[in-house]
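Peer 1: Got a structure here, written out as structure tokens. Questions coming.
Where a number appears in this text, it was derived from the coordinates with a stated rule and is not lab data. Because the structure is predicted, anything quoted here is derived from the model rather than measured. Quick reminder, even Gly has a Cβ in these numbers, built from the backbone with ideal geometry, and neighbours come from all protein chains shown.
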Amino acid sequence: MPTSGQFNQSRYAILFKPGAYNLDVRVGYYTEVAGLGLSPDDVTITGAVRTQDDPSTNPIDAGPGALDNFWRMAENLAVVPTLGSLTLGPASIPLNQDVWAVSQAAPLRRIHVRQNGATPSTLRLFDVGYSSGGFMADSKVEGAVEPGSQQQWLSRNSEWTQWNDEVWNDVFVGSTPVPSGTWPSAAITNGGDAPIVREKPFLYIDQGGNYFVMVPALKYNSRGVDWNGVSPAGTPIPIQDFYIVKAAAQGQPTAIDASAINAALSNGKHLLFTPGVYYVNGTIQVTTPGTVVLGLGLATLVANNGNPIMTVADVDGVSVAGLLFDAGPTNTSTLLQMGEAGSSVDHSSNPSFLFDVFCRVGGPSQYAGTTSSCVTINSSNVVGDNLWLWRADHGSNVGWTQNLADSGLIVNGASVTMYGLAVEHFQKYQTVWNGEGGRVYFYQSEMPYDPPNQTAWRNDGNGNGYASYKVADSVTDHRAWGVGVYCYFRDAAVVADRAIEVPPGVESGFTDMVTFWLNGTSGSEIAHIINNDGTAVTIGNRKATLPP
């Protein structure tokens with residue numbers, strides 16, 4: 001499996017049939033490691049399933065850490081961690097600790113970290129450097145979670161014995177036990193039960209060797225895992241009901257014609273992408289209610305000719321899961337669109353879901369990237385479960401006049417819910433929320449690093465910079481838990497008047513907010529946290545919170 005090459009073109013899915021294995025599984029870039037059982041305990045790996053920092057980093061804040069540990073995932077298996085050292089040096093891992101040192105786009109799902117005999121195990125969310133922005137769902141740790149230097153994290157419907165630390169912004173929804181402490185002395189936000197969710201569809205194999213995709217059932221006001229000693233509730237779909245898209249060769253991009261895929265979708269097929277990088281000609285159009293679109297191994301779809309990569313009609317129950325949407329060299333209006341403009345159908349009884357959906361504008365050397373926005377949600381009741389929308393701040397084809405992109409997320413639909421939303425470095429508002437009834441559990445955002453001057457980064461003459469999180473003036477109902485907005489104005493001493501901009505009547509719906517001046521040019525700042533409230537963050541006052 002690859003351990004380097006942040007923008008390489010290889011994609012991997014390592015799938016384990018039910019059984020017991022003794023392995024040290026090191027998960028690198030663009031790699032998915034998953035079990036093929038109905039329960040995580042059907043596949044047990046004794047040793048480790050891990051992703052780590054550069055082990056030479058010492059002290060903890062001296063090196064790159066895991067800040068670029070993106071685009072990898074582990075799902076649907078049990079780990080009995082046995083690796084580590086009794087004699088601890090600066091770069092060693094203690095015994096019985098499974099290390100998942102990651103940042104964005106690196107989820108853990110349906111993972112069971114089991115005890116090694118009578119010894120409690122530990123899930124370690126850092127190694128010997130900083131990590132920032134992780135996500136865990138439907139997972140159980142028979143021991144402690146050690147966040148260490150992990151700066152921010154969302155845990156949804158997960159369980160552990162204890163949670164030992166926090167840094168900036170840890171949000172818990174549907175998870176137990178919620179750590180003690182109150183904001184801001186402890187960076188803990190309790191979002192309560194998960195109001196509506198289904199777990200991500202997953203591939204499994206039955207005793208006869210037949211493959212299915214399980215679509216878990218909807219859950220309301222739920223807490224904890226849904227697989228502990230019970231058969232999963234949901235709908236199995238035979239693999240024969242999927243149109244399977246295959247890459248031509250490992251590490252080589254594959255051009256695909258959307259018309260062939262659309263013909264299969266219109267005939268009732270679901271859609272599965274095997275690991276690969278696909279240049280999409282045309283737009284993939286999902287029009288049938290209940291369609292599952294599933295990517296394996298961080299399958300990557302590139303906008304090849306200026307069209308949106310995928311549109312989903314305003315229908316019930318579509319699942320889009322495990323895909324990386326890449327902007328191409330010709331500007332698009334958006335990369336992924338849920339529902340047509342003006343959609344108004346109520347989908348509350350069977351919403352559509354976005355699971356592990358990642359978007360990227362710029363970064364790879366193979367193609368430039370530009371788009372007006374990454375994800376546009378026009379349908380009502382859509383649920384997002386781990387989104388990272390990223391205008392690249394490093395890599396190739398990167399710069400203020402190169403990887404052009406206004407916004408990451410635009411929400412026009414009503415009653416849209418997000419569990420784990422990260423939107424970073426776009427050139428105007430990072431997130432624009434126009435729909436009523438929005439709910440966001442955990443928000444992570446960095447403003448753009450590269451405005452060349454204040455004139456180039458001014459809100460249509462109405463103020464300095466752009467807020468990261470913008471709720472339209474017409475909205476009367478919006479709530480968010482655990483909102484973190486950060487700045488590193490690298491190239492100029494620019495000012496953002498505020499991190500969050502909302503109608504005054506909505507301001508009280510925001511629970512636990514933090515801004516942080518990461519680094520940058522002296523004189524740069526975020527002047528307020530929400531509207532005109534909250535202390536400025538500057539080179540001399542790097543962190544601010546509300547409540548203070």
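Peer 1: Between the range 308-334 and the range 386-445, what is the separation of their alpha carbon centroids in Å?
Peer 2: Cα centroid to Cα centroid, the span is 14 Å.
Peer 1: Also, I was wondering about something else. Using Cβ contacts closer than 10 Å as the measure, can you line up THR87, THR332, THR235 from fewest to most?
Peer 2: Neighbour counts put them in this order, fewest first: THR87, THR235, THR332.
Peer 1: Place +1 on the Cβ of every Lys and Arg and -1 on the Cβ of every Asp and Glu in the chain, take the dipole about the Cα centre, and give the residue among GLY229, PHE273, ILE500 whose Cα lies farthest towards its positive end.
Peer 2: PHE273
Peer 1: Further question: Along each of the three principal axes of the Cα atoms of the range 104-219, give the extent in whole Å, ordering the values from largest to smallest.
Peer 2: 53, 36, 26
Peer 1: Which one of VAL318, THR46, HIS394 has its Cα pushed farthest toward the positive end of the charge dipole of the chain, where Lys and Arg give +1 and Asp and Glu give -1 at the Cβ?
Peer 2: Result: THR46, furthest along the dipole toward the positive end.
Peer 1: If you stretched the chain out fully between ALA456 and SER522, how much longer would it get, using 0.36 nm times the residue separation minus the C-alpha to C-alpha distance?
Peer 2: Roughly 21.9 nm would be gained on extension.
Peer 1: Helix-derived [θ] at 222 nm for the chain: sum -39500 (n - 2.57) over DSSP H runs of at least 4, divide by residue count, nearest 500?
Peer 2: So the calculated ellipticity at 222 nm is -500 deg cm²/dmol.
Peer 1: Label-point separation (nm) for ASN210 and ILE239, each offset 7 Å from Cα along Cα-to-Cβ?
Peer 2: About 1.3 nm, to one decimal.
Peer 1: Oh, and also: In whole angstrom, note down how far apart the Cα centers of the range 12-46 and the range 492-525 are.
Peer 2: The distance from the Cα centre of the range 12-46 to that of the range 492-525 comes to 41 Å.
Peer 1: Could you compute the FRET efficiency for ASN464 and SER365, with r as their C-beta to C-beta distance and R0 at 35 Å, rounded to 0.05?
Peer 2: 0.55
Peer 1: Report Rg/Rh for the range 245-446, rounded to two decimals, where Rg is the Cα radius of gyration and Rh the Kirkwood radius.
Peer 2: We get a ratio of 0.94 for the range 245-446.
Peer 1: Got a sec? How would ILE205, ILE529, ILE539, ILE377 order by Cβ neighbour count within 10 Å, fewest to most?
Peer 2: ILE539, ILE205, ILE529, ILE377
Peer 1: Taking R0 as 56 Å, what FRET efficiency do you get between ASN221 and LEU83 from their Cβ-Cβ distance, rounded to the nearest 0.05?
Peer 2: 0.90
Peer 1: Taking the Cα centre as origin and putting +1 on Lys and Arg beta-carbons and -1 on Asp and Glu beta-carbons, what dipole magnitude results for the chain, to the nearest 20 debye?
Peer 2: Computed about the Cα centre, the dipole is about 640 debye.
Peer 1: Another question about this same structure. Along the Cα-to-C-beta direction of ASP346, a point sits 7 Å from the Cα; which residues of the range 393-433 have their amide N less than 15 Å from that point?
Peer 2: 414-416
Peer 1: Tell me the label-point distance for the pair ASP477, ARG490, using the 7 Å Cα-to-Cβ offset, in nm and rounded to one decimal.
Peer 2: Those two pseudo-labels are separated by 4.2 nm.
Peer 1: Just to check I understand the Karplus step: with θ = phi - 60° and J = 6.51 cos²θ - 1.76 cosθ + 1.60, what whole-Hz values come out for the range 288-295, glycine and proline as x?
Peer 2: Ordered by residue, 3J(HN,Hα) equals 9, x, x, 5, 10, 10, 10, x Hz.
Peer 1: Continuing with the same structure: Just need the relative contact order of the chain here, percent rounded to a whole number, with Cα pairs under 8 Å and 6+ apart.
Peer 2: Normalised by residue count, the contact order of the chain is 8 percent.
Peer 1: Then there is this: Let's see if you can work this out: charge +1 on each Lys and Arg Cβ, -1 on each Asp and Glu Cβ, no other charges. What is the dipole magnitude of the range 172-258 about its Cα centre, in debye to the nearest 20?
Peer 2: Rounded to the nearest 20 debye, it is 160 debye.
Peer 1: Per the Cauchy relation, a quarter of the hull surface: what is the mean projected area of the convex hull of the alpha carbons in the chain, in nm²?
Peer 2: 22.8
Peer 1: Mind pulling the per residue volume of the convex hull built on the Cα atoms of the range 174-263? Å³ is fine.
Peer 2: Dividing the Cα hull volume of the range 174-263 by its residue count gives 215 Å³.
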